[in-house]
Structures are given as C-alpha cells and as structure tokens.
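The values are calculated or read from the model by the stated rules, or taken from the named source; none is laboratory data. For clarity, every value in this text was computed on a predicted model and none was experimentally measured. Methodologically, a virtual Cβ is constructed for each residue, glycine included, from the backbone with ideal geometry; neighbour enumeration extends over all protein chains shown. The area values use the complete protein model at the heavy-atom level, side chains included, leaving out ligands, DNA and RNA. Shrake-Rupley method; radii C 1.70, N 1.55, O 1.52, S 1.80 Å.
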Amino acid sequence: MIFFYPIELIMEFLTGHFYTLTGSYGISLILTSLSINIIMIPVFWYAEKLQQRERDIQAAMRPKIGEYKSVFKGYELHLYITNLHKQHHYHPVYALRSLLGLFIQVPFFVATYNFLSHYTAVQGVPFLFIGDLGKPDMLIPVFNYNINLFPFIMTAVNLVSSFVYGKLLTKVERINIYFIALFFLILLYQSPAGLLLYWTCNNIFSFFKSLVFVKQLQKKSNAQDSGV
C-alpha cells in the first residue's frame, strides 16, 4: 500500500478535478490517464534509456556469443562468454533491465484496478456509446449473450505496439508484450467500462510516448555512430 495508495490518491484528485471542469466522468478518466502519463514521463524516459542500453549491449555481444557457441561447449564456453561480459562491462543480471517497463507498470496497474473497480461515482453514468461506466460495456450482442468490446480494443492496442516495435525489441520483450496483452484481456474482461476506458487510453498514450522516446534514442545512437 506504500506504493499503491499514493497513486490512488492522485488519481482520485485528478478525476474529481477534471469532472468539476468538464462535467463528464468519461472525459475526466481520459484526462486523468493523460495526466498520469505526462507526470511519469521522466521515469519512463529513464527506464526506456536503460532498456535501450540493454538492447545495444546484447546486439553488440550477439555475434561473438554465436561464434563461441559454434566452437566451444560447457565450462570453456562459459569462460569465453564471461570474458566477453567483462569486456562490455556487463553482468547477466542486467538483463532484468528489459523488464523495467513492466515493473514500473505494476504499481500503477494495481492502484488503477483498485481505485476504478470501487469508484462508486461512475456507477450508472453513461458516456458516448457506453451505457454504464460502472459495469462491463456489453456492447456486442451475440444471440442471447453480450460480449464486452473494450477488453479487445485494449488488447489490440497492445498488439499494435508489439507490431510497431517488433524490429526494435528483443525476443524477450516481444514475448512480454504478448503475455501482458493476454493477461490483461483475461483479467480485465469483466471489469467496469470506466476502468477499461482509462486503461485503453493509458495504453494509447503510452504507445505514442514510447514511440517518441525510441525515435529520440535512435537519433542519438545514429549521431554517435556517425561521430556527430
């Protein structure tokens, strides 16, 4: 709760403040999502830099590791790889840097889930084509059953992110995105539409934010390679 409760307090303040300004809880949730993303820009920027550093080092070592594996085995292979790590000032535990973005998202996800799952202010409140922000959207009627639409929109955003970043991410990072997308789809399928609206917008904002960060890091890397 030391990590989660302060985030919930910030979300409650922002949501109430934006509702006072707009008179719409739907717009308030979207603006709260945008505000949280803006507030966290420095943290995500630092995390993205560490993740990119991990990708660069792995890419630099990959040819040699492949060469060693084709020639050596067992303890001898271990010694050569260990020596390569020393040359690059690298330790295997640094591979956790590729998961840093996921670690940062966890407290925000837990706080968001806990806050919006019990946010009574949105109970019975409609927004656009959503009948009730406090209940699952049930927007796709199929025979006698209504399928929730927002969980699939949220999942589609995550998969688009994976497709766009496919050439930039490591295999582990791509697997993480697929796993997270499936995990969120299952976990949040029956969640209130307000929570899904917030988290879908959060993923969209995060996608564009990360896209800018990656382009900036690529420009910096290209400038360094060209000696600028």
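Before moving on, here are some points about what is shown:
- Filter pass, I41 being surrounded by fewer than 18 Cβ atoms within 10 Å (Cβ to Cβ) and in contact with a Lys or Arg (Cβ under 9 Å, 6 or more places away or on another chain): yes
- The number of residues in region 65-92 being at positive phi and open to solvent by less than 90 Å² (accessible area, probe 1.4 Å) comes to 1.
- Every listed requirement among (1) assigned to a helix (DSSP H, G or I); (2) surrounded by fewer than 19 Cβ atoms within 10 Å (Cβ to Cβ); (3) at pLDDT below 85 is met by V228 save one, (1).
- Within region 118-135, residues that are among the acidic types (D, E) reach no partner that is part of a loop (DSSP other than H, G, I, E, B) and open to solvent by less than 30 Å² (accessible area, probe 1.4 Å) with beta carbons closer than 6 Å at six or more positions or on different chains.
- Selection of region 114-149 for residues being among the hydroxyl-bearing types (S, T, Y), within 14 Å of L196 (Cα to Cα) and not in a loop (DSSP other than H, G, I, E, B) yields only S117.
- Tally, over region 137-155, of residues that are open to solvent by less than 30 Å² (accessible area, probe 1.4 Å) and touching a helix residue (DSSP H, G or I) at 6+ places or on another chain (Cβ under 7 Å): 5
- Restricting attention to region 1-38 and to residues that are loosely packed, with under 15 Cβ neighbours inside 10 Å and among the hydrophobic types (A, V, I, L, M, F, W, C), the residue that is nearest to K209 (Cα to Cα) turns out to be I38.
- Taken together, L50, L34 contain a single residue that is assigned to a helix (DSSP H, G or I), closer than 21 Å to F207 by Cα and modelled with pLDDT of 80 or more, which is L34.
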